[in-house]
Amino acid sequence: MSHAVATAGLFALAGALFLLPLVPAIAELRLKRDAQALNVIQQYAGDIRHFSFGFRSYAADLLGPLQQCVASGGTVTGTLPHGDLYILLGRADTAPLVRPGANANTCDLLVACGTDLTLSDGMTFAKEIYALRRLTGGSGCSYRAILGDASVDLARGSAVTRWAHAAGILRADHDCDLYGRISSEREIELKSGCLFQRLHAPRIRFGPAVALARGGAARPLSPGSVPLAVAEGRRLVDGDLEIAPGETVQGSVVARGKLWIGAGARILGSVKSNKHMKVEAGVSVAGSLISASTMHIGPDCRIAGPVIAEQEMVLETGVRCGFPSRPTTVSAPAIEVEEGVVVCGTIWARNEGHVTPKP
Amino acid sequence: MVYCLFAIVIVISIYTARHYWFTLNRLFGFQRHPYIDTDTADWPQVTILVAAHNEEKVVSHILAALMGVNYPAERMLVVPVNDRSTDRTREIIDRFSEEHPGRIRPFHRTGGKGGKAAALKDAMELVDTEVILIFDADYIPGTGLIKQLVAPFFDPEVGGVMGRVVPLNVGTNLLTRLLDLERSGGYQVDQQARMNLRLVPQHGGTVAGVRLSALKEIGGWNDNSLTEDTDLTYRLLLAGWKTVYQNRSECYEEVPETWHVRIKQIMRWAKGHNQALANYSLHLLFGKHRATLRERIDGFLLLGVYIMAPLTLFGWLLALGVFYEGIAPLHGVIALLSITAYSAIGNFAAFFEIAAAARLDYTRQRICLLPFLILGFGVSIFSVSRAFVSQLMAPLTGAQFHWDKTERFRTTP
């Protein structure tokens, strides 16, 4: 082999080695396998009812036949265009929900019912339930998803794995596990022992309504607009801050450290702390309440605006957040709510929310 | 000479470590999205400023998109800021205004100082809401974006908000694909890591918001700045206002499709950023103000990012000089280990960040294009260095700063 050939071969080899990492790059550039814009969902607005709306349109074709079943008092089974098997109940009879040969406690059909319906205990519903009238669950039942055009009552120990939406009141008895999105166009009521993630309704009531107790009522807030303008007297404190009991604070307050708000104080703006926030009984806040750490809200407080904690949040009995006419959001990764709390709007526990009995 | 080289190596090492810190935080750390779950509220009045200078190709798209958002219509006013346009921008804006009475109030600017900051400053006469959102005309906001950008303002510590920019014209050519990767790294990793670590997320001047009372407190828009967004970030920071980044508040934009336009864009960014470096770095580090220690350090490093290009070039020249002078700054095994370590880790810090971003975005195939980023970085390093030199020479040459508008390429009606 001549020197020239050897040199050329060496250069060719070096060139090939240099170009080797570029081969996948050139292939991708030419083939454009991943050249689409990142999928930003332009039309999805985060509405909690997104899936229930989607299911309603998916099941729209069943409404006509369902009305016929109600008129005849019969039961019809069939298959939807996407292949889902369904059953239409024209009368309150749960016997047809279990197919012959299948597990006696499992219904693997999409269920649509045109009358009031009471389900048996311990059932598992692998597909959605669409109830035109009142739906009463059995204890220990497990649901994938429920759409109710009237009220929905979940018995003790039930579980919802995806979503549930009711046009009427949605009640969950003790010890229910409510994963995903739970919403109502009227009211949600959760009893102690329930777990939740995302709830939305004009009024969300935890446990039975309670009389104001320990700290007495906070001074009333008007359901006017939540103040955002903080220019007039934003108070920024670099360390910890204590607001004296009964004190009235004009404007907003920001504490870079811990924040303690004494009982009966009144804040006519918004409040932020970067470390733990403790709000004593009977405090009222006209704006929002934000903690970059943990937050503990004492009994009978009134907060008009959003309530946000970046870590845990505790709401004691008697706390009221938002107004029915001006709903708000309560959010934190983990939320512990005592019975007796009312939230108007959304409560969103990204990891888990838990309803505890009133002490 | 060798000590100067050592100093540059130390600075480069700090930025390398910073890249890795951010990337590892983004991959394994706690992710902060404190306001994103606020989906129900008594939404405040908001003014949306749309900066438009000769934007006939794109302005109708953003106005149509804004008319379709789910924010309460009676609480939202769109103000297209038509800055001395000479094309059909005015006609298009006026047509939309007539079609949506009461929802769009055009601001037609026919004279005055050039630049986006000057235009926004003049448009403030139409603004009386506490929350102001700002978009460039080539952006296309989604249905829920306005609520997402407004939600952080319920926090009284927040003065500015920044959403994520997502290129729309990705597949056009090599440049757009490289810019898509750079944007991913910059937002998905860099900005979100700074948010996670409570450092200094940067206000980007578009897909962004600012609180009126905070803006007034810091003296309004700085129309002497070429990058009003960087300038705003630092003035808010010094006054004790936070800028927050919302990674899930994504909005499409159009990225430059030609290298010429890209070079002009990055040169303007570099000059504006360096202006902010000159104006705020010393005060930020040593002055008496409301920024925390970590914000001071990160803010200073952020101000220095566009200085790194000329510094790196200078370091290369110094390394050559040291070599030809016969000086051996390091000896034996230490030299070998240092060079090997830097080759294995240091050179790839930025690539690692971008690859991590692509992974987080579940867009695995485009990672194959990483080797081509050397080309993009090569162009950037020389463009940014050129901008730096021209800035240094400006007092001698008498050159004035001027605003270079980024050309648009969209052709769809």
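Every read-out reported here was derived from the displayed coordinates using simple, explicitly stated rules and does not represent laboratory data. Here the structure is a predicted model, which means the values were calculated and not measured. For neighbour counting, all protein chains shown are included, and Cβ atoms are generated from backbone atoms with ideal geometry for every residue, glycine included.
Working note: 222 nm ellipticity from helices only, DSSP H runs with n ≥ 4, each -39,500 (n - 2.57), summed and divided by the residues of the protein assembly as shown, gives -10000 deg cm²/dmol to the nearest 500. Solvent-free Debye calculation, one equal scatterer per alpha-carbon of chain B: log10 I(q)/I(0) at 0.13 Å⁻¹ equals -1.19. Residue by residue, the range A:269-275 carries 3J(HN,Hα) couplings of x, 10, 10, 9, 10, 8, 10 Hz when phi is fed to the Karplus relation 6.51 cos²θ - 1.76 cosθ + 1.60 (θ = phi - 60°); x denotes Gly or Pro.
Shielding of peptide B:144-157 by partners, expressed as the average count of other chain Cβ atoms within 10 Å per residue Cβ, is 6.
Residue-wise HN-Hα couplings along the range A:107-115, as the Karplus relation 6.51 cos²θ - 1.76 cosθ + 1.60 with θ = phi - 60° gives them from phi, are 10, 9, 9, 6, 10, 10, 10, x, 10 Hz; Gly and Pro carry x. Placing +1 on the Cβ of every Lys and Arg and -1 on the Cβ of every Asp and Glu, with no other charges, gives chain B a dipole of roughly 680 debye about its Cα centre.
If you wrap a convex hull around the C-alpha atoms of the range B:38-93 and split its volume per residue, what is the figure in Å³? Before the final figure, lay out the partial values.
Numbers: hull volume 4.5 nm³, N = 56.
That works out to 80 Å³ per residue.
Overall shape: prolate for the range B:289-359, with the ratio a/c of the largest to smallest alpha carbon gyration tensor axis at 1.5 or above and a/b above b/c. Length available on full extension from B:Phe30 to B:Ala341: 0.36 nm per residue minus the Cα-Cα distance, which gives 109.1 nm.
For every other residue with a beta carbon closer than 10 angstrom to the beta carbon of B:Ser249, add +1 if it is Lys or Arg and -1 if Asp or Glu, then tell me the sum. Before the final figure, lay out each step's value.
Details: positive: B:Lys147, B:Arg164, B:Arg248; negative: B:Glu250.
Around B:Ser249, the surrounding residues sum to +2.
For A:Thr356, the residues whose amide H sits under 5 Å from its own are A:Gly193, A:Val337, A:Glu338, A:Glu339, ignoring neighbours fewer than 5 places away on the same chain, with H placed 1.01 Å from N. B:Glu407 to A:Leu17: FRET efficiency via 1/(1 + (r/R0)^6), r the Cβ-Cβ distance, R0 51 Å, to the nearest 0.05? Computed FRET efficiency for B:Glu407 and A:Leu17: 0.80.
Once the other residues with Cβ under 9 Å from the Cβ of B:Ala239 are scored (Lys, Arg +1; Asp, Glu -1), what is the net sum? Here the count lands on +1.
Using DSSP to call loops (not H, G, I, E or B), can you name the chymotrypsin sites (Phe, Trp or Tyr not before Pro) in the range A:1-94 whose Cβ has at most 12 other Cβ atoms within 10 angstrom? Please list the in-between numbers first.
Numbers: sites: A:Phe11, A:Phe18, A:Tyr44, A:Phe51, A:Phe53, A:Phe55, A:Tyr58, A:Tyr86; in loops: A:Tyr44.
Listed in order of number, the matching sites are A:Tyr44.
The peptide list B:362-372, B:280-290, put in order of mean Cβ contacts within 10 Å with the highest first, becomes B:362-372, B:280-290.
Between helix B:332-344 and chain B, what is the angle of the helix's C-alpha long axis to the longest principal axis, kept within 0 to 90° and rounded to the nearest 10? Here the helix axis deviates by roughly 20 degrees. Distance between the modelled labels on B:Glu91 and A:Thr79, one decimal in nanometres: 5.8 nm (7 Å Cα→Cβ projection). Each label point was placed 7 Å from the Cα along the Cα-to-Cβ direction; for B:Ile374 and A:Lys32 their separation is 2.7 nm.
Kirkwood radius for the protein assembly as shown, taken over all pairs of different Cα atoms as the inverse mean of 1/r, rounds to 29.2 Å.
Amide hydrogen proximity for A:Thr328: with H placed 1.01 Å from N in the peptide plane, the residues at 5 or more positions away or on another chain lying under 5 Å are A:Phe323, A:Cys344, A:Gly345, A:Thr346. When the chymotrypsin sites (Phe, Trp or Tyr not before Pro) in the range B:153-245 are filtered for DSSP coil states and for at most 13 other beta-carbon atoms within 10 Å of their beta-carbon, no site remains. For the protein assembly as shown, the Cβ-based charge dipole about the Cα centre amounts to some 620 debye (Lys, Arg positive; Asp, Glu negative; other atoms uncharged). For a paramagnetic label modelled on B:His289 (point 7 Å from Cα along Cα→Cβ), amide N atoms under 13 Å away belong, within the range B:203-227, to B:218-219.
If you add up the charges near A:Gly180, with Lys and Arg at +1 and Asp and Glu at -1, over every other residue whose beta carbon is less than 13 angstrom from its beta carbon, what do you get? Let's see the in-between values first.
On the way: positive: A:Arg49, A:Arg144, A:Arg162, A:Arg181, A:Arg198, A:Arg350; negative: A:Glu128, A:Asp177, A:Glu352.
With Lys, Arg at +1 and Asp, Glu at -1, the neighbours total +3.
Scanning residues 5 or more positions from A:Ile267 or on other chains, those with amide H under 5 Å from its amide H are A:Val249, A:Ser284, A:Val285, A:Ala286, with H placed 1.01 Å from N in the peptide plane.
Set the Förster radius R0 to 25 Å, insert the Cβ-Cβ distance between B:Ala239 and B:Trp21 as r into 1/(1 + (r/R0)^6), and round the FRET efficiency to 0.05. Plugging the Cβ-Cβ distance into 1/(1 + (r/R0)^6) gives 0.40.
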